[in-house]
Amino acid sequence: MKNVVVNKLNFSYDKETEVLKDVSLEIEKGQYVSIVGHNGSGKSTLGKLLIGLLTPKSGDITICGLPLNKDNINEIRSKVAIVFQNPDNQFIGATVEDDIAFSLENQNIDRKKMPELIKKAASDVGMIDFLTKEPSYLSGGQKQRVAIADSLVRNPEILILDEATSMLDPSGKEEITRLILELKKKNKDLTIISITHDIEEAYKSDHIILIQNGEVVLSLPPKELFNSYELIEKYHLDIPFEVKLKKALIDNGYKVDEESSLDELGELLCR
Amino acid sequence: MPIKVNNLSYIYLPKTPNETKALNNVSLEIPNGQITAIVGHTGSGKSTLIQTFNQLIKPSSGFVNIDDKFVVESSKKKNKKIKDLRKYLSIVFQFPEYQLFEETVEKDVAYGLKNFGLKEPEAIIKAHEALKQVGINESFYLRSPFELSGGEKRRVAIAGIIVLDPQIIVLDEPTAGLDPEGSKTILDLILSLKKEGKTIILVTHDMNIVQSYCDNVVVLNKGELVFQGTPSELFSTDVSRFSIEIPPLYAFCQSLKQKGLNLDISKIQSIEDLMSQIKEKR
């Protein structure tokens, strides 16, 4: 089943520059998709269009079978959650549990059911021990975890991460990337769309969509992309460490399986 | 002769309610002819530190001794050698391409030389040499710098510094915002400058660069020196307390060691180095 269908989308902020040109794409339910591209490529704009924060000039968007329009927007927003870049701009409550509760209050959830839902969301993101903590006691990575809990507690079908790790330090970044992979394992139906700069993160996703100058230029699984030196060079992409290592091993006469993990490559070298 | 930083402190807005200690009793040494990385978070004091090196700011206390030739200290006396110091030690700031302004690429590179008193024809000849060194070819010399791509602009800006032939070059995040190809040309340029015997100081967040290109690394945290040593010494300590990410190559080598492979990780700067060590073992 397709969870997101975008058809010939055009968008511009002013009359002159087209930010998105004829963008069409499809995202399957339960997929973890990375949208990558250089600064100014239009990838964040696409994220905002998907949840109706911006209105396209032309073209249409269908989310979970519903066309995105005035009549459906509220229903669609109950199915889609977005986490933004800046951890400090998304914390509303006085404590972690208040912040997650705020999300539920907006959905008119029965008060009695709230504590249980909050606890579940907090433990899903590994913040159960911080429920009564104020935001000033949390690191950037922890605040982003809470922002993800705010989204998860509403039980969305689609989670959009708009450069959710780009303002975090390296350990915060790793924390969130690991969390995304865990969430995916636990909930196979959750569709994750991650708008990101980080090639190591994108490499771990199921599918990569590359946007350049407002156009979708590539849409394929990461393994296919990074197996093609032609594509890497053509689009000036960074190469993940694992891919570089595999190439070096092959050049040195090792027999490498495309599917091998880093750990298996290590075993190969130690033999 | 190294750069010696001795008990250096710097206080922004002293004796006001907003007083901030940007550097607190920092002492360190940066050896000649090598590449040294300065690492630290936003607010760690790294920008303040490099600005004391050519006296863009004067320390509140302590001093910096540059190769026993220049001393930057807190005294109110005028430093008569400041012009020579700035020729000897030059800083390439972050996003130097924003500072391009001349009509043509060659004029932009020659501008600094003219400031130091060189006449036009010689200045342009030297500018051409510097442009060649950074890999900008002749067809660009008479074009406007604003027509160039981001990576080309940055190389032109760096040419404007190396044309002055400084002995010490400080670069603040020289690869930030460049695509992989652009980064590689800048890093190769830095290696060739080192081969010429220059001292290079790199401010960077990228631990891959620290492992693959730098001889030494200095870590600052909240205005204090918390580490000084080689990259492999840094990565073998508990770096999470400085929230530094271990580069994937180093982490992979460590996992090989744990599996029983006998490696000298301190000598591994690239995947090729790793491969040749494994070959030798066979």
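The values are calculated or read from the model by the stated rules, or taken from the named source; none is laboratory data. Being a predicted model, the structure only gives us computed values, none of them experimental. Using ideal geometry, Cβ is built from the backbone for each residue, glycine included, and neighbour counts are taken over all protein chains shown. Note: accessible area is taken over every heavy atom of the protein model, side chains too, but ligands, DNA and RNA are not part of it. Shrake-Rupley method; radii C 1.70, N 1.55, O 1.52, S 1.80 Å.
Things worth noting here:
- Scanning the range A:23-44 for residues that are polar (S, T, N, Q), open to solvent by 10 Å² or more (accessible area, probe 1.4 Å) and at pLDDT 90 or above returns A:Ser24, A:Gln31.
- Sub-9 Å Cβ pairs linking a first residue in the range A:256-271 that is at the interface with chain B (Cβ under 10 Å from one of its Cβ atoms) and under 17 Å from B:Leu249 (Cβ atoms) to a second residue that is basic (Lys, Arg) and open to solvent by 40 Å² or more (accessible area, probe 1.4 Å), at least 6 apart or interchain, are A:Gly266/B:Lys259; A:Leu269/B:Lys259; A:Cys270/B:Lys259, ordered by first then second residue.
- Whenever a residue of the range B:100-111 is in the same structural domain as B:Leu142 (by TED's automatic domain parsing) and more than 7 Å from B:Val156 (Cβ to Cβ), its partners that are in a loop (DSSP other than H, G, I, E, B) and of a type in the set (Gly, Ala, Ser), lying with C-beta atoms within less than 7 angstrom and at least six residues away or across chains, give the pairs B:Glu103/B:Ser144; B:Thr104/B:Ser144.
- With a requirement of 3 or more residues that are touching a residue at least 24 places away in the same chain (Cβ under 8 Å) and more than 18 Å from the chain's Cα centre (by Cα), the strands (runs of 3 or more DSSP E) lying completely within the range A:1-56 that satisfy it span A:2-11, A:20-28.
- Hey, A:Asp206 open to solvent by 50 Å² or more (accessible area, probe 1.4 Å) and facing chain B (nearest Cβ under 10 Å) or not: no
- Within the range A:164-185, the set of residues being in a loop (DSSP other than H, G, I, E, B) and either out of contact with any His (no Cβ under 7 Å at 6 or more places or on another chain) or surrounded by 19 or more Cβ atoms within 10 Å (Cβ to Cβ) (or both) comprises A:Ala164, A:Thr165, A:Met167, A:Leu168, A:Asp169.
- Residue that is farthest from B:Arg155 (Cα to Cα) [pool: residues in the range B:172-202 that are modelled with pLDDT of 95 or more and crowded, with 23+ Cβ neighbours inside 10 Å]: B:Thr199
- Sole residue being away from every other protein chain (no Cβ under 14 Å) and assigned to a helix (DSSP H, G or I), chosen from B:Leu171, B:Leu193, B:Leu202: B:Leu193
- Just one of (1) assigned to a helix (DSSP H, G or I); (2) within 30 Å of B:Ser149 (Cβ to Cβ) fails for B:Leu85. It is (2).
- Matching residues, the range B:247-269, being under 23 Å from the mean Cα position of the chain (by Cα), outside any helix (DSSP H, G or I) and either facing chain A (nearest Cβ under 9 Å) or loosely packed, with under 14 Cβ neighbours inside 10 Å (or both): B:Pro247
- Residue under evaluation A:Ile158, criteria (1) under 19 Å from A:Glu105 (Cα atoms); (2) open to solvent by less than 10 Å² (accessible area, probe 1.4 Å), criterion not met: (1)
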